[in-house]
1. In this structure, is VAL126 surrounded by 14 or more Cβ atoms within 10 Å (Cβ to Cβ) and assigned to a helix (DSSP H, G or I)?
2. State which residue is modelled with the highest pLDDT when the search covers only the range 129-155 and only residues that are on the phi < 0 side of the Ramachandran plot and outside any helix (DSSP H, G or I).
3. State whether one or more residues within the range 42-65 are assigned to a helix (DSSP H, G or I), touching a Gly at 6+ places or on another chain (Cβ under 8 Å) and within 14 Å of VAL224 (Cα to Cα).
4. So for the range 96-107 (the condition being assigned to a helix (DSSP H, G or I) and touching a residue at least 24 places away in the same chain (Cβ under 8 Å)), does at least one residue qualify?
5. Against the conditions (1) over 13 Å from TRP31 (Cβ atoms); (2) surrounded by 14 or more Cβ atoms within 10 Å (Cβ to Cβ); (3) modelled with pLDDT of 85 or more, where does THR253 fall short? Just the number, please.
6. Which of the residues belonging to the range 159-184 are under 15 Å from ALA37 (Cα atoms) and not in a helix (DSSP H, G or I)?
7. With (1) under 18 Å from ASN259 (Cα atoms); (2) in contact (Cβ under 8 Å) with a residue 24 or more places away in the chain as the list, and HIS221 as the residue in question, which single condition is left unmet?
8. Among the listed residues LYS233, LYS242, which satisfies the condition of being among the charged types (D, E, K, R), in a helix (DSSP H, G or I) and surrounded by 15 or more Cβ atoms within 10 Å (Cβ to Cβ)?
Amino acid sequence: METVNSPIRNGLSRAYSFPSVLLKSGLWRWWGPAIIASVAYVDPGNFGTDISGGASYGYILLWSVMLANLMAMLLQYMTGKLGIATGKSLAYMVHDSLQTRTKIIPYWLASETFAVATDLAEFLGVTSAIHLLFGVPLLVSCWISAGDVVVVYALAGKRFRRIEMFITTLITTMSLGYVYELLTTKPSVPQLVIHSFLPSVSGNAQLFLVVGVIGATVMPHALVTHSWLTKNKLTTGDAEEKRRLLKFHKMDTILNLSNASFKCQ
């Protein structure tokens, strides 16, 4: 009886000790860069193109969402790895490669313009959400949307970990909402699986939506942010620390961006 129950008890013991192993391994302290980067993949632009594609063509274009998210996951992993390996962000590496001010200043101005244009979707999304949920006038919603960023950063101060945990809470809440949505809508699982891996495009309208999905998913500002976040996790910067952080970085990227991909689909 002892020999029969022993494997069961050992298995339960390992299951109960998993949270403590997670904390002791250092992954929890590392957790954060990929989940902040994943915010770029659950913005209104993504939802708009994905909902439009689903409403018009059903499951047919799911493969484009899957492909775009796999591409984004690879790029996010590479840029995060760059931050760990070099101790510099992607923006700083570009700065070093351009060298002269005549090249750096135009690039900087163009990057700022692109960042403002990309963040416009997030700004409009928050504004619309406040207006729809609470009936606040749009002009007032705009001021609230602009002020919430200042408030979050002011509360965080130098302890950026607070922002990571705050965003983790928001993303987790969204994930639970999508699990509930799947349970209530009951989509066809065979169709989900087939069209996630079977490319199919017929006509320009579908092609434009595919391009929109890819454009709304793979975004430069998320790559730059990810490299900046990972390089900030370095303390000593020695080879042993970098090897350990690369392992955590891979797990962080796969888990959090897979979660973002799930919400997009």
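1. On the way: surrounded by 14 or more Cβ atoms within 10 Å (Cβ to Cβ): yes; assigned to a helix (DSSP H, G or I): yes.
Yes, satisfied.
2. Filtering the range 129-155 down to residues on the phi < 0 side of the Ramachandran plot leaves 129-134, 136-155.
Next cut, outside any helix (DSSP H, G or I) only: 136-137.
Working: VAL136: 87, PRO137: 91.
For the range 129-155, the residue satisfying everything is PRO137.
3. So far as the range 42-65 goes, no, none of its residues is assigned to a helix (DSSP H, G or I), touching a Gly at 6+ places or on another chain (Cβ under 8 Å) and within 14 Å of VAL224 (Cα to Cα).
4. Scanning the range 96-107 turns up no residue that is assigned to a helix (DSSP H, G or I) and touching a residue at least 24 places away in the same chain (Cβ under 8 Å).
5. (1)
6. Hit for the range 159-184 is PHE160, nothing else.
7. So HIS221 meets the others, but not (1).
8. The unique qualifying residue is LYS242.
The values are calculated or read from the model by the stated rules, or taken from the named source; none is laboratory data. This is a predicted model, so every value here is computed, not measured. No Cβ is skipped: glycine too gets one built from the backbone with ideal geometry, and neighbour counts run over all protein chains shown.
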